[in-house]
Amino acid sequence: MLAIFNAAMLISLYFAHDWLVDADGHLIPTDFVNVWAAGRLALDGYPAQAWDWGIHKQMQVAMLGRDYPGDYAWHYPPPFLFIAMVLAQFSYTNGLVGWAAASFVPYLAMMRGAVGQRFGLIVGAAFPVVLANTMAGQNGFLTAALLGGTLVLMPARPALAGICLGLLSYKPQYGLLFPLALIAASQWTTFLAAAVTTVVMALTSWLALGAESWQAFFHWMPMFSQAFFTEGRATFYKLQSVFGLVRTFGGSEQLAWIFHWIVSGFVVAGTAMLWRSRADYALKAAALGAGTLLLTPYLFLYDLMVLAIPVGFLLRIGLAGGFRRGELAALGCAMGLLIAFPFFEVPLGLASTLIVAALIVRRIVNPATEPAHLPREIHALG
């Protein structure tokens, strides 16, 4: 039902002129406009100007044919410009739809691997954030595919897993917890492959786009941090993190950082101990996926596509050995909070992540608890 709902809503929103093109025939600005504009600047020979807020927005306005309030700034490392350059060769609408469709395929393949059966395809298509990510033209599908691909491939193909992790360096905030887990588990092949891939990507972008692109990236990063964490230009409730929660309810920036680092400390310590243990690999993978989300303060709704990964591994465990009492209901509640987020100015996505994390911790603490029987409907879908 959720998978059909996601598809039906996209079609309905398009014909209602609430997505891509409005009733007057004007292009509707979304997050994808920053990708298209950055790619266009790079194609025109000015990659370093993608990080300049003023110049970048001028390119967006010229493409859209009108101004809009606020900013869709570019703040990714230079290697992501390669994808932006490909997408900027298409029109805004074709590029957005094509990007969503192309990145959705590896995401579905990853979910099939995480769940361990074809039911994973349904879970992937049904995940509530699919709609928001597609509408915004964001990179949540790619991020989830690479992060989840790393975890799915690591047991059998550690080198390929490392390549996926290295490619994920276009969003470096997601790579903070992985080195710790890899070292704790002595996954040296994956670690080395990830390091080599990251270095190759950085050097390739340096040679192709010039040193100025990296200089611009590091020059503008403090300004992006000031805008998002101090000034709250994107509104704090959109940050689905502990930091965002504290700031949403009026806490100071210092207090938000204190709470965030306290939670991060527990996540880091727990991850290291779990990955050094002999716990089931699917449980380790689920914990690393959820922990990655809890560790970063910069987390928007579309980033919660990554939450589909620990959900997928939890379903894998439950389908293989049975679900614990209340487990499916809790997962349903977590998904419901994601659906409800657009109607409330509160970071409900954080609550969803915490529910999934609590289910993982429950299985870690009580591994021998007798599970409930498998629902026959899920057997059939499998």
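So for the stretch 347-354 (the condition being of a type in the set (Ser, Thr, Tyr), modelled with pLDDT of 95 or more, under 25 Å from Asp31 (Cα atoms) and under 24 Å from the mean Cα position of the chain (by Cα)), does at least one residue qualify?
First pass over the stretch 347-354, keeping only residues of a type in the set (Ser, Thr, Tyr): 352-353.
Keeping just the survivors that are modelled with pLDDT of 95 or more gives 352-353.
From what's left, under 25 Å from Asp31 (Cα atoms): 352-353.
Next cut, under 24 Å from the mean Cα position of the chain (by Cα) only: 352-353.
Among the residues of the stretch 347-354, at least one is of a type in the set (Ser, Thr, Tyr), modelled with pLDDT of 95 or more, under 25 Å from Asp31 (Cα atoms) and under 24 Å from the mean Cα position of the chain (by Cα), which makes the answer yes.
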Practice prompt. Would you point out the residue of the stretch 44-53, among those that are in a helix (DSSP H, G or I) and modelled with pLDDT of 95 or more, that is nearest to Gly175 (Cα to Cα)?
Written response: Trp51
Discussion item. Quick check on my filter: what residues within the stretch 217-254 are surrounded by fewer than 16 Cβ atoms within 10 Å (Cβ to Cβ), among the polar types (S, T, N, Q) and either assigned to a helix (DSSP H, G or I) or in contact with a Leu (Cβ under 6 Å, 6 or more places away or on another chain) (or both)?
Written reply: Ser225, Gln226, Thr230, Gln254
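Taking the stretch 87-101 on its own, how many of its residues are in a loop (DSSP other than H, G, I, E, B) and of a type in the set (Ser, Thr, Tyr)? Spell out how you get there, then give the answer.
Initially, the stretch 87-101 is screened for residues in a loop (DSSP other than H, G, I, E, B), giving 88-91.
Pick out the ones that are also of a type in the set (Ser, Thr, Tyr) and you get 91.
Count: 1.
Could you run through the stretch 54-83 and say how many residues are touching a residue at least 24 places away in the same chain (Cβ under 8 Å), in contact with a Phe, Trp or Tyr (Cβ under 7 Å, 6 or more places away or on another chain) and part of a helix (DSSP H, G or I)? Step through it out loud before you land on a result.
First pass over the stretch 54-83, keeping only residues touching a residue at least 24 places away in the same chain (Cβ under 8 Å): 60, 63-66, 68, 70-83.
Of the ones still in play, those that are also in contact with a Phe, Trp or Tyr (Cβ under 7 Å, 6 or more places away or on another chain) are 60, 63, 71, 73-80.
Then keep just the ones that are part of a helix (DSSP H, G or I); that gives 60, 63, 78-80.
Looking only at that region, the number is 5.
Checking the structure you have, find out if any residue of the stretch 256-267 is farther than 26 Å from Leu338 by Cβ and of a type outside the set (S, T, N, Q). Talk me through it step by step, then tell me what you get.
Of the stretch 256-267, the ones farther than 26 Å from Leu338 by Cβ are 258, 265.
Then drop every residue that is not of a type outside the set (S, T, N, Q), which leaves 258, 265.
Scanning the stretch 256-267, I find at least one residue that is farther than 26 Å from Leu338 by Cβ and of a type outside the set (S, T, N, Q), so the answer is yes.
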Item to complete: Just give me the residues in the stretch 117-139 being part of a helix (DSSP H, G or I), out of contact with any Asp or Glu (no Cβ under 6 Å at 6 or more places or on another chain) and either within 17 Å of Thr292 (Cα to Cα) or aliphatic (A, V, I, L, M) (or both), in sequence order.
Response: Leu121, Ile122, Val123, Ala125, Ala126, Val129, Val130, Leu131, Ala132, Met135
Practice prompt. Within the stretch 23-60, track down each residue that is within 23 Å of Val129 (Cα to Cα) and either β-branched (Val, Ile, Thr) or out of contact with any helix residue (DSSP H, G or I) (no Cβ under 9 Å at 6 or more places or on another chain) (or both).
Written response: Ile28, Thr30, Val33, Val35
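Answer with yes or no whether Leu168 is surrounded by fewer than 22 Cβ atoms within 10 Å (Cβ to Cβ), on the phi < 0 side of the Ramachandran plot and free of Cβ contacts under 8 Å to residues at least 40 places away in the same chain. Outline the logic, then answer.
Numbers: surrounded by fewer than 22 Cβ atoms within 10 Å (Cβ to Cβ): no; on the phi < 0 side of the Ramachandran plot: yes; free of Cβ contacts under 8 Å to residues at least 40 places away in the same chain: yes.
Spelling it out, it is not the case that Leu168 is surrounded by fewer than 22 Cβ atoms within 10 Å (Cβ to Cβ), on the phi < 0 side of the Ramachandran plot and free of Cβ contacts under 8 Å to residues at least 40 places away in the same chain.
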Worksheet item: Within the stretch 7-20, can one find any residue that is at pLDDT 95 or above, touching a helix residue (DSSP H, G or I) at 6+ places or on another chain (Cβ under 7 Å), in a helix (DSSP H, G or I) and crowded, with 20+ Cβ neighbours inside 10 Å?
Response: no
Item to complete: Being farther than 17 Å from Ala286 by Cα and outside any helix (DSSP H, G or I) is the filter; apply it to the stretch 157-183 and report the residue that is modelled with the lowest pLDDT.
Response: Lys171
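For the stretch 295-335, how many residues are of a type in the set (Gly, Ala, Ser) and either crowded, with 22+ Cβ neighbours inside 10 Å or in contact (Cβ under 8 Å) with a residue 60 or more places away in the chain (or both)?
In the first step, residues of the stretch 295-335 are kept if they are of a type in the set (Gly, Ala, Ser); the result is 308, 312, 318, 320-322, 326, 329-330, 332, 334.
Next, from what is left, pick out any that are either crowded, with 22+ Cβ neighbours inside 10 Å or in contact (Cβ under 8 Å) with a residue 60 or more places away in the chain (or both): 308, 312, 318, 320, 334.
So the count comes out to 5.
Please find, within the stretch 71-90, the residue that is surrounded by the fewest Cβ atoms within 10 Å (Cβ to Cβ) out of those that are among the small types (Gly, Ala, Ser) and modelled with pLDDT of 95 or more.
Step one: list which residues in the stretch 71-90 are among the small types (Gly, Ala, Ser), which gives 73, 84, 88.
Going one step further and asking which of them are modelled with pLDDT of 95 or more, we end up with 84, 88.
Working: Ala84: 25, Ala88: 23.
Of everything passing the filter in the stretch 71-90, Ala88 is surrounded by the fewest Cβ atoms within 10 Å (Cβ to Cβ).
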Discussion item. Suppose the filter is of a type in the set (Val, Ile, Thr) and in a loop (DSSP other than H, G, I, E, B); does Val346 pass it?
Written reply: yes
Item to complete: Please work out which one of (1) modelled with pLDDT of 95 or more; (2) not charged (D, E, K, R); (3) not in a helix (DSSP H, G or I) is the condition Trp214 fails and give its number.
Response: (3)
Item to complete: Would you point out the residue of the stretch 21-43, among those that are within 24 Å of the chain's Cα centre (by Cα) and assigned to a loop (DSSP other than H, G, I, E, B), that is surrounded by the fewest Cβ atoms within 10 Å (Cβ to Cβ)?
Response: Asp31
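Does Arg233 satisfy the criteria of being basic (Lys, Arg), in contact with a Gly (Cβ under 9 Å, 6 or more places away or on another chain) and without any contact (Cβ under 8 Å) to a residue 40 or more places away in the chain? First the steps, then the outcome.
On the way: basic (Lys, Arg): yes; in contact with a Gly (Cβ under 9 Å, 6 or more places away or on another chain): yes; without any contact (Cβ under 8 Å) to a residue 40 or more places away in the chain: no.
Taking the combined requirement at face value, the residue does not satisfy it.
The values are calculated or read from the model by the stated rules, or taken from the named source; none is laboratory data. The structure displayed is predicted, hence computed values, not measured ones. Using ideal geometry, Cβ is built from the backbone for each residue, glycine included, and neighbour counts are taken over all protein chains shown.
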